[in-house]
Amino acid sequence: MKLTFLGAARTVTGSCYLLEANDKKILVDCGMFQGSKSIKQFNERPFAFHPGEIDAMVLTHAHVDHSGLIPRLVKEGFKGRIHCTKSTQQLCTILLPDSAHIQESDAELANRKGLRAGKSQVVPLFTIDDAYISLQYFYVHDFEENFEVVPGITARLHVAGHILGSAVVRLEVEENGKKTTLIFSGDVGQPKQPIIEDPSILEGADFVTTESTYGDRKHKAYDKEAELAKIINDTLERGGNVIIPAFAVGRTQVLLYYFQKLTQEGKIPDVPIYVDSPMATKATGITLASKEEYDAETRALIEFQGDRLFAMKNVHFTATPEESRMINSIDGPKIILSASGMADAGRILHHLKHNLWRPECTVVFAGYQADGTMGRNLIDGAKKVKIMGETIHVAAEIVNMTGFSAHADRDQLLDWYKKMPKKPKIFFVTHGEFSAASALGKELQMQLGTAVYIPKYGDSVVIEGADYRIEAAPEVETMPEVAELQDSISSIEKNYMEYRNKIEQIALRDSSKAEQMRKKLEKVRRYMDDMLGNI
Ligand SMILES: [Zn+2]
């Protein structure tokens with residue numbers, strides 16, 4: 001049997017593993033690469049296998065960095081079954097067509113200008129049609145149900161506690177009379193996350209592939225509910241609105257859960273709460289229809305309410321763009337949840353335009369903000385931002401609430417793995433930047449005494465029973481982490497040149513100040529030279 005790492009290797013996106021056994025080929029995940037332009041181009045590279053030769057797939061969860069290339073896989077000939085949980089399938093019915101819509105509009109935008117400039121036509125990676133066609137290949141399973149993926153490989157899905165429907169995949173492979181068990185963690189949630197259950201305790205396996213998104217970090221421990229209540233009460237007292245850019249799937253429902261709890265406990269008043277994102281509304285609907293995944297606290301919350309989750313009378317879901325625009329003409333303080341979570345597109349832009357300039361309002365970020373996004377700029381203290389061609393002065397309070405992460409941190413992952421009665425022969429550490437993967441790897445080695453390997457794109461492991469041999473792929477310039485590093489280095493170069501120019505401008509007015517700064521910048525450059533010389 002052979003396992004090949006074809007994504008999320010030393011990077012956090014593009015999750016994809018190819019398992020070849022008994023002359024069959026299966027995939028675990030087929031995710032999209034997300035982030036900078038150079039990382040996104042990996043989505044266009046030919047697959048490392050022929051999609052028509054893949055017999056089946058097991059999908060850990062619906063997030064696009066795990067599921068996003070399924071429409072392309074189907075478009076290029078895949079005809080097998082895609083095994084997952086019911087809510088993963090339901091969430092994919094909204095996420096995959098939405099992702100296709102983005103592909104189509106990006107291509108359309110590129111062609112509008114490109115064709116006039118004599119550039120060749122850009123074809124979308126896949127279309128909305130492709131996304132819908134791919135949905136017919138999904139087969140749903142309950143958690144903890146055993147099912148056959150292909151002859152000789154059975155699977156079971158355990159609760160991963162990351163988002164609704166998210167699963168840890170356990171595979172049992174029987175080949176040449178030998179049995180091998182493999183675990184793919186997918187994304188693992190923090191314990192005590194609202195709504196869904198905590199990650200299941202695993203029996204263990206011969207080989208474990210683990211995520212390491214926060215492998216080098218510990219989440220700050222603090223009372224999120226109290227902080228959220230304080231922000232809301234302070235803002236409402238000032239007569240302002242609370243604006244929350246929130247990811248449609250997962251984060252919006254978690255926030256609604258907290259609002260429901262805080263309202264029930266009398267800790268926040270009954271102000272109108274608007275969920276202004278069609279995708280968030282659909283994802284909330286799926287959450288409401290997935291009661292079997294609720295944890296004990298959520299069940300208790302519903303019993304208290306005597307009704308259902310998110311059943312507050314003050315919650316409004318806005319459907320049309322007109323209704324969305326209407327929100328800003330309604331007087332009185334309110335809470336507005338809208339997408340995108342990084343405030344770089346979508347309806348949230350309207351709300352920021354109408355509220356950022358007002359000192360009585362608060363904008364709360366409750367999720368990861370990537371470099372270069374409006375969310376990141378605001379957290380970094382931007383005083384002015386451009387929204388839909390208009391310059392907006394930032395006077396509102398900007399709050400960055402960490403701790404809502406849907407990923408376990410290093411200690412939480414270690415605690416979880418320590419509870420497995422059977423320790424694996426080796427951990428393959430994936431789905432994390434190299435520094436995060438190495439940090440987690442080191443601790444796994446020390447605290448669990450197991451071997452660890454951090455695969456790079458294309459590396460394989462040949463497995464026979466519980467024995468294994470790693471076949472490293474040749475080092476190539478085309479690996480995602482190399483592309484990411486090249487991006488970072490060019491941004492350092494660009495910044496360096498910008499700083500030098502700024503110093504020269506200052507020199508025109510104040511030569512001694514400029515000299516001080518020149519020295520400082522040179523010190524940084526020499527330090528970097530030394531560092532690079534040591535690598
Ligand atoms: Zn995820």
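Just so it is clear, none of the values below were taken in a lab; they were calculated from the coordinates. The structure displayed is predicted, hence computed values, not measured ones. Here the Cβ is made from the backbone with ideal geometry for all residues, glycine too, and neighbour counts use every protein chain on show.
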What shape does segment 450-520 take by its C-alpha gyration tensor, where a ≥ b ≥ c are the square roots of the eigenvalues and a/c under 1.5 counts as rounded, a/b above b/c as prolate, and the rest as oblate? prolate
Highest to lowest packing among 374-385, 317-328, scored as the average C-beta count within 10 Å: 374-385, 317-328
Of the listed pairs Lys2/Lys291; Lys75/Lys192; Lys178/Lys418; Lys220/Lys422; Lys261/Lys423, those with alpha carbons more than 28 Å apart are Lys2/Lys291; Lys75/Lys192; Lys220/Lys422; Lys261/Lys423
So what's the gap between the Cα centers of segment 387-446 and segment 159-179, to the nearest angstrom? 22 Å
With equal scatterers on the alpha carbons only and no solvent term, can you work out the Debye log10 of I(q)/I(0) for segment 303-359 at 0.23, 0.26, 0.29 1/Å? -1.01, -1.17, -1.33
What does segment 224-400 give for Rg and for Dmax, in Å, if only its C-alpha atoms count? 15.8, 48
Going by amide H atoms built from the backbone, whose H comes under 5 Å of the H on His83, apart from near neighbours? Met57, Val58, Leu59, Tyr139
Packing-based order for 24-33, 66-75, 499-508, using average beta carbon neighbours within 10 Å, highest first: 66-75, 24-33, 499-508
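Are any of the pairs Lys494/Lys519; Lys224/Lys353; Lys353/Lys502 more than 21 Å apart by Cα-Cα distance, and if so, which? If you can, show how the numbers build up before the last one.
On the way: Lys494/Lys519 19 Å; Lys224/Lys353 27 Å; Lys353/Lys502 30 Å.
Exceeds cut-off: Lys224/Lys353; Lys353/Lys502.
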Per 20 angstrom bin, beginning at 0 and ending with the bin that holds the maximum distance, the Cα pairs of the chain fall in percents of 20, 52, 26, 2, 0
Assuming a ≥ b ≥ c are the square roots of the Cα gyration tensor eigenvalues, decide whether segment 482-534 counts as rounded (a/c under 1.5), prolate (otherwise, with a/b larger than b/c) or oblate. oblate
Test of understanding: what is the full-extension gain from His316 to Ile330, defined as 0.36 nm times their sequence separation minus their Cα-Cα distance? 3.8 nm
Would you mind telling me the antiparallel percentage of the DSSP bridges in the chain, rounded to 5? 50 percent
Please report the relative contact order for the chain, taking Cα pairs under 8 Å with a sequence separation of at least 6, and give it as a percent rounded to a whole number. 17 percent
Among Lys179/Lys442; Lys37/Lys386; Lys267/Lys334, the pairs whose Cα-Cα distance exceeds 18 Å are Lys179/Lys442; Lys37/Lys386
Of all DSSP beta bridges in segment 371-529, what percent run antiparallel (nearest 5)? 75 percent
What order, most packed first, do the peptides 264-275, 288-299 have when packing is the mean number of other Cβ atoms within 10 Å of each residue? 264-275, 288-299
Pairwise centroid distance, computed over Cα atoms, of segment 203-229 with segment 346-386, Å: 26 Å
